[in-house]
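In what follows, a single structure is set out as C-alpha cells and then discussed.
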C-alpha cells in the first residue's frame, strides 16, 4: 500500500491568553489560522516567564526507518495507523490519507520533532506488543496558562471531514515513560467544533476523553458516545460528537509544568461488534 509524497508542513507554535485552556487545532489547517489569530488578538498582555530547559533531540538510533508496507500485509477497515511504515502519514486506506503532526505552545518544549524542525514527525522504535514502531511525544510544558502539547492525525489530506459513522469509537495502545505525566486527553475535532466544518462561531471546544496511562502498554477503547465538550463555552454545543464528519484524532497534555513522555500505537476506529485486534498486524521487517 503506497504513501503519497507530502511536502513538509509548516507547524506553527500557537499562543494567546484568550484561548484559556482550550486545545488548539492542528496548525496545518489553513482554515484554522484566522480563528487562532482572532482569538490571540483579544488576549490581555501577560508577562512571559522563562520556559523550560530546552530538550535534546531524538537520537538517530531511536528513529524508525521508512519502509513500504508489504502488499500482502493484513489490514482491517478501521485501522488509522500503526507507525510501521516509519513515515509521517497515516495508512492510506479506506478513504483516509492524512498526515501526522505535533503542536505546542511557545513556552513549552518539545523534543526535536515536527514543531521544532518544521517537518513531519517520525515514528520511534519500540511499538506495542513487540511491534517495530510507535508514535512518541516527549518534552515539558510551561508553568503558565495557556499550555499544551499534542500529537494529531488528520483523516484526509487535503484536510477535510471524514465519515466515521459506521464505527462506534476509537481504540489505541498507549503507555507513558515512568515518572512522566500520567494523564492525556484524546480529542476528536468534528464539523461542529473545527473551523473546517464552517459551522462553529466559537470553535476548538473539541469532544474529548481524559485517559490515565500506565508504565506498560495497554489498549484503550473509547466509544464516541463517551466523548464530551468542556462546559461553559463553545458555539454550537451539540449533544454528541458528529462521527459522520470527523477531521482528526489528537492526543494532548495540558497540565502546567508537566514533563511528558507518552507513546501511542495502533490507532483504529472500532466497528460495531468487532473490537480491533489486541495483536499487531504483521510488522514490516526489522529496522536495525
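The values are calculated or read from the model by the stated rules, or taken from the named source; none is laboratory data. Because the structure is predicted, anything quoted here is derived from the model rather than measured. Positions of Cβ are backbone-derived with ideal geometry, glycine not excepted, and every protein chain shown enters the neighbour counts.
For the stretch 190-226, the candidate set comprises residues that are assigned to a loop (DSSP other than H, G, I, E, B) and in contact with a helix residue (DSSP H, G or I) (Cβ under 7 Å, 6 or more places away or on another chain); within that set, the residue that is farthest from residue 266 (Cα to Cα) is 203.
Within the stretch 119-146, take every residue that is in a loop (DSSP other than H, G, I, E, B) and under 17 Å from the mean Cα position of the chain (by Cα) and give me the one that is surrounded by the most Cβ atoms within 10 Å (Cβ to Cβ). Checking each candidate, the answer is 123.
Just so you know, in the stretch 234-247 the residues that are under 20 Å from the mean Cα position of the chain (by Cα) and either in contact (Cβ under 8 Å) with a residue 60 or more places away in the chain or surrounded by fewer than 19 Cβ atoms within 10 Å (Cβ to Cβ) (or both) include one that is farthest from residue 136 (Cα to Cα), and it is 244. Being more than 24 Å from residue 142 (Cβ to Cβ) and out of contact with any strand residue (DSSP E or B) (no Cβ under 8 Å at 6 or more places or on another chain) is the requirement here; does residue 231 meet it? Yes, satisfied. With the structure loaded, tell me whether residue 158 is part of a loop (DSSP other than H, G, I, E, B) and surrounded by fewer than 21 Cβ atoms within 10 Å (Cβ to Cβ) or whether it fails that test. It is true that residue 158 is part of a loop (DSSP other than H, G, I, E, B) and surrounded by fewer than 21 Cβ atoms within 10 Å (Cβ to Cβ). For the stretch 161-172, residues that are crowded, with 24+ Cβ neighbours inside 10 Å and in a loop (DSSP other than H, G, I, E, B) total 1.
Against the criterion of being under 18 Å from the mean Cα position of the chain (by Cα), crowded, with 17+ Cβ neighbours inside 10 Å and under 24 Å from residue 232 (Cα atoms), residue 149 qualifies. Here is the figure for the stretch 200-217: residues that are surrounded by 15 or more Cβ atoms within 10 Å (Cβ to Cβ) and touching a strand residue (DSSP E or B) at 6+ places or on another chain (Cβ under 8 Å) total 8.
Restricting attention to the stretch 234-243 and to residues that are touching a strand residue (DSSP E or B) at 6+ places or on another chain (Cβ under 6 Å) and not in a strand (DSSP E or B), the residue that is modelled with the lowest pLDDT turns out to be 234.
Residues of the stretch 244-288 that are modelled with pLDDT of 95 or more, closer than 26 Å to residue 104 by Cα and in a loop (DSSP other than H, G, I, E, B): 245, 247.
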